[in-house]
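Let me begin by presenting the structure, written as structure tokens, before commenting on it.
Every number in this text was worked out from the coordinates using simple rules, so none of it is lab data. Since this is a predicted model, take the numbers as computed values, not measurements. Neighbour counts are summed over all protein chains in view; Cβ atoms, including those assigned to glycine, are modelled from backbone coordinates with ideal geometry.
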Amino acid sequence: MKKAVVLLSGGLDSTVTLAVALKRGYMVLALTFDYGQRHRREVESANKVARHYGVEHKVLKIDLTQIGGSALTDPNIKVPTGKSSDRIRKSKEIPATYVPARNTILLSYALAWAEVSDADAIFIGANHIDYSGYPDCRPGYFRAYEKMANLATKRAAEGRPVRILQPIISLDKKEIVRLGARLKAPLHLTSSCYKGGKKACGRCDSCVLRLAGFREAGMEDPVEYESR
């Protein structure tokens, strides 16, 4: 059976991506990072999602707070709140929640596990339609990373390159929600809020886009919110 490492944050996008990998017939190895993020609650959600599917799951602890530079890793930088979904979608600015080089760092760990486990692919739940503010969530970035990865690994040197797959990269949030529902993904177990409270805040960019996606899909978001 073909095998894939799936980056599983515990959020909506990564959970739907894991469901896609399983649907495509991959044996999934789920990889989660506790990197000092403000919303560490998502690690608990990732554990629940992995248990739901019965897949092998690793949680790696790295400390990006020593680098900082993001509202998610530096408590002195506020998480932006109060924007409309239209304003977020149309913004061309790189937001304060961008974590410097995060996908490059996380994909490097995933690539190492892919080599050791003889995995054929790495799946990542990146998306650039509803929110293209993160430079490491764009198609050109992933094409370049895949090329670099396959210049740098023993597996590729032996003629077995690793694919970097982003199955939801061109879907908007509404389409991601509908795909998750169609695949019966456990959306009720997911956590997307940047603030990481017991209930989702309903006001940060991530919550606003998620709520808009469910609303536009004609569905009720199953997680609890402080405010909708």
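Report the extension gain between TYR109 and LYS184 in nm, rounded to one decimal, defined as 0.36 nm multiplied by the number of residues separating them, less their alpha carbon distance.
Here the segment from TYR109 to LYS184 would lengthen by 24.1 nm.
How far, in degrees from 0 to 90, does helix 205-216 lean away from the longest principal axis of the Cα atoms of the chain, to the nearest 10?
The two axes meet at around 80 degrees.
Given a Förster distance of 41 angstrom, what is the FRET efficiency for VAL116 paired with ILE94, based on the Cβ-Cβ distance and rounded to 0.05?
0.75
So which lysines pass the test for LYS147, namely a Cα distance under 18 Å, with those fewer than 8 places away in the same chain ruled out?
none
Restricting to the chain, compute how many DSSP beta bridges are antiparallel as a %, nearest 5.
Taking every DSSP beta bridge within the chain, about 5 percent pair in antiparallel fashion.
Between ILE77 and LYS58, what is the label-point separation in nm under the 7 Å Cα-to-beta-carbon projection?
For LYS58 paired with ILE77, the spin-label model returns 2.7 nm.
Considering only Cα-Cα distances, which of the following residue pairs are longer than 19 Å: LYS23/LYS184; LYS3/LYS58; LYS78/LYS195; LYS58/LYS78?
LYS58/LYS78, as the Cα separations exceed 19 Å there.
Modelled label-to-label distance, LYS2 and LYS198, 7 Å Cα→beta-carbon offset: nm?
Rounded to a tenth, the inter-label distance reads 4.4 nm.
For the range 21-35, just list the computed ³J(HN,Hα) in residue order, Karplus coefficients 6.51, -1.76 and 1.60, θ = phi - 60°, integers in Hz, with x standing in for Gly and Pro.
3J(HN,Hα) across the range 21-35, in whole Hz: 4, 5, 4, 7, x, 7, 7, 9, 10, 8, 10, 10, 10, 9, 10.
Taking the chain as a Gaussian network, Cα atoms linked when under 10 Å apart, which of GLU158, GLU93, GLU44 shows the biggest mean-square fluctuation?
Maximum fluctuation in the GNM of the chain, among the listed residues, is at GLU158.
Rounded to the nearest 10 degrees, what's the angle between the helix 102-117 long axis and the longest principal axis of the chain, both from Cα atoms, 0 to 90?
Taking Cα atoms only, the helix is inclined about 40 degrees.
For the charge dipole of the chain, defined by +1 on Lys and Arg C-beta atoms and -1 on Asp and Glu C-beta atoms about the Cα centroid, which residue among VAL223, THR190, GLY159 has the Cα displaced farthest towards the positive pole?
VAL223
What is the diffusion coefficient of the range 78-179 in µm²/s, taking the Kirkwood radius over Cα pairs and the Stokes-Einstein relation at 25 °C with a viscosity of 0.890 mPa s?
In µm²/s, the coefficient is 163.
Between helix 139-152 and the chain, what is the angle of the helix's C-alpha long axis to the longest principal axis, kept within 0 to 90° and rounded to the nearest 10?
Between helix and principal axis, roughly 30 degrees.
Ranking LYS48, LYS184 by Cβ neighbours within 10 Å, fewest first, what do you get?
Least crowded to most crowded, the residues run LYS184, LYS48.
Going highest first, how would you order 190-198, 2-10 by mean Cβ packing within 10 Å?
So the peptides 190-198, 2-10, ranked by packing, come out 2-10, 190-198.
Quick check: the distance between the Cα centres of the range 13-63 and the range 90-107, to the nearest angstrom?
Distance between centres, Cα-based: 19 Å.
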